[in-house]
Structures are given as structure tokens and as C-alpha cells.
Amino acid sequence: MQIEKASLTGFCFGVRRALNMMEKAAAEKGGIASLGDLVHNRQVVDYLESLGVRVICNLEESQGGAVAIPSHGAGPEVFQEIEARKLPLVDATCPIVSKAQRKARDLRQAGFQVVIFGDPDHPEVRAVLAWAGEGALAITEPEALLARGKIPRRLGIMAQTTQTPKAFSLFVAKLSELALAQMTELRVVNTLCPSVHLRQQAAQELARRVDLMIVVGGHHSANTRRLAEVCREAGCEARHIETVAEVDAAWLHGKERIGVAAGTSTPDQAVEAVMARLQELAGQSR
Ligand code: SF4
């Protein structure tokens, strides 16, 4: 049995940057409160907790100490409240996400209603929606815009950073087909994350050559879930796991080549642990 790791794994620069900021802030300020998980990975959140970073759900729980905004960002009202409460701020929003937020604000100010191709419950999307203002919505099917009844005259389309270029293009094409005739202007802003796209390409390339892909990353991590999807689109069986404990020996029966890929917030140690476990199982099957 051959086991191969995708050509691109490890933290993306946004996660690495957020982690560095938190390590520095925790060392300088002692306790610090993160408004939600810094990234969608349990091991990273546990590691930060060991440094004195506690996760809070709202600013009431900050107890007057320093507050960190996670890599997924936050809406403008959150920054206003932090300022009003005079809380020290550590803004770990990924620069790619900040850029998407600025684009959403600019579209709103230019008179466009914003539609985000993405999961309305994901914290990144919720924050961008807040920047996009009233009337903005997040959908995954273009028909959902029509179901609202009135088509906006000027529409700006953006994407959750973790979507694939292919899915975003299809969404834009279908929405244009359904509603362009009723609009005066349609503006498409590419807010996809290049780091995510490179990982999707690396995982898909490997998926075409193996019998099974193991994709390692938080179960709530949108980019990890998408990685597993692109592997399946390449015609390969794919399993999404968060830790090595979830590896099931039965998955390997009859398989000759196994590929391993990882999301942008998955620590190298988690990937190496999975690689080691697969090597061990491969040795037992000889
Ligand atoms: S995946 Fe992209 S958008 Fe998300 S934190 Fe990493 S670099 Fe930023």
C-alpha cells in the first residue's frame, strides 16, 4: 500500500498570522478573550487555551480585558462596540477576509445589493453580510434570490472565500441566466481565497491518482469540507477526519494507494499523526 501526502498542507498565511498575533498578545497581555474560535480547528483552539486564550460568545463576557477578532472577521457593529467599551483589540481577521468586507461595503455604498455565494451560518459570511448592509443575503442556489420576489436593479455578487472557482462560476452563470434581464447592472467580485484554491488543486491532483483520500481538518472547517468535496468530484472516495483517532482500518481494505490532504487550519502534527497511523496499518496488511 502506498501512502502519499498532497503537495500542499500546513497552515495558510491567514491562520499562521492569526496564531502569531494571539501567541504574542497572550504573552504580553496574559489573559485574552477570543470572540469565537480563532480558527475552526479544535487542536489549535486547545493550544491557545493553554496560553490563556479563552473563547467568548459575546462582548459581555470579556470582563474588560483584551478581545481578539478571529480570522473569520466580524461585522462593523462589533468593532464599534469594542471601541465603545474601550476594550484593547487584537484584530486577527485574515487580510483576504478584510478585503472581502471592504468590497462588500464599497458595493453597498455604490448602491448595489449584495449576494454572497456561501453558507449564511458561517461566521465569515455573517461578518461580510454585516459589512454589506441591509438587504444583503447569502445563498447557495440562485433560485433563492428569485424566491424573494423583487430582483434588485443593481446586484453585486461575491463568494465565501472557501468556495471553488468552478462552483462560483456556475452560480454566477445560472443567476445571470435567471435574473440578468431584470437588472440594470450586475457586478461580480472575486473574493475567493488563492490559498484555498491551491490546496483544492493539490488535493484534486492527488485524488486522481489514489483509491482513497483522507482529508484532515476540523469538522466545522468549511475549506476542509470543500477539500473532501473536490476529491469526490475527481472520482475518488474521500473521508473527512479531524484527528488520527477517527482513522478506521476497514476503509483501507482493498485499497492500494491512499492520499492525505489537509485544510488550511490543520496543524502539521495532526497530518503527520495520520500519515504515521496509515503507514502502521499498511505494514500490518503486508
Ligand atoms: S483560508 Fe484564505 S481566507 Fe481563510 S484564513 Fe487562510 S488565507 Fe485567509
Taking the options 36, 30, name whichever one is at positive phi and surrounded by 14 or more Cβ atoms within 10 Å (Cβ to Cβ). 36
Selected residue [over 15 Å from the mean Cα position of the chain (by Cα) and more than 14 Å from residue 5 (Cβ to Cβ)] from 233, 272: 233
Selection status of residue 236, touching a residue at least 24 places away in the same chain (Cβ under 8 Å), within 13 Å of the ligand (Cβ to nearest atom) and of a type outside the set (Val, Ile, Thr): no
Right, residue 44: crowded, with 20+ Cβ neighbours inside 10 Å, more than 16 Å from the ligand (Cβ to nearest atom) and either within 30 Å of residue 201 (Cα to Cα) or modelled with pLDDT of 95 or more (or both) or not? no
Take the conditions open to solvent by less than 10 Å² (accessible area, probe 1.4 Å) and within 16 Å of the ligand (Cβ to nearest atom) and apply them to residue 75. Does it pass? no
Of residues in the range 201-219 being assigned to a helix (DSSP H, G or I) and either crowded, with 24+ Cβ neighbours inside 10 Å or among the hydroxyl-bearing types (Ser, Thr, Tyr) (or both), the one farthest from the ligand (Cβ to nearest atom): 207
Contact list please: Cβ distance under 6 Å, first residue in the range 9-30 and more than 27 Å from residue 197 (Cα to Cα), second residue among the aromatic types (Phe, Trp, Tyr), pairs at least six apart or on different chains. none
Here is a list: 144, 228. Which entry is part of a helix (DSSP H, G or I), more than 30 Å from residue 278 (Cα to Cα) and free of Cβ contacts under 8 Å to residues at least 60 places away in the same chain? 144
Given the residues 227, 278, which is the only one that is buried (at least 18 other Cβ atoms within 10 Å of the Cβ), over 25 Å from the mean Cα position of the chain (by Cα) and modelled with pLDDT of 95 or more? 278
Test: residue 249 is outside the structural domain of residue 114 (by TED's automatic domain parsing), under 28 Å from residue 284 (Cα atoms) and free of Cβ contacts under 8 Å to residues at least 40 places away in the same chain: yes
Looking only at the range 139-162, decide whether some residue is within 16 Å of the ligand (Cβ to nearest atom), open to solvent by 10 Å² or more (accessible area, probe 1.4 Å) and not β-branched (Val, Ile, Thr). no
Run residue 192 past the list (1) within 16 Å of the ligand (Cβ to nearest atom); (2) open to solvent by less than 20 Å² (accessible area, probe 1.4 Å); (3) farther than 25 Å from residue 43 by Cβ and report the number of the one that doesn't hold. (2)
For the range 6-34, what are the residues that are of a type outside the set (D, E, K, R) and more than 16 Å from the ligand (Cβ to nearest atom)? 7, 25, 26, 27, 30, 31, 32, 33
Could you list, in sequence order, all residues of the range 105-121 that are surrounded by 14 or more Cβ atoms within 10 Å (Cβ to Cβ) and not charged (D, E, K, R)? 107, 112, 113, 114, 115, 116, 117, 118, 120
Only one of 90, 67, 53 that is in contact (Cβ under 8 Å) with a residue 24 or more places away in the chain, out of contact with any Phe, Trp or Tyr (no Cβ under 8 Å at 6 or more places or on another chain) and either open to solvent by 70 Å² or more (accessible area, probe 1.4 Å) or within 16 Å of the ligand (Cβ to nearest atom) (or both): 90
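The values are calculated or read from the model by the stated rules, or taken from the named source; none is laboratory data. All of these numbers come straight from a predicted model, not from anything done at the bench. When we count neighbours, we look across all protein chains shown, and the Cβ atoms used for this are built from the backbone with ideal geometry, even at glycine. Keep in mind that these areas ignore ligands, DNA and RNA; they rest on the heavy atoms of the full protein, side chains included. Shrake-Rupley method; radii C 1.70, N 1.55, O 1.52, S 1.80 Å.
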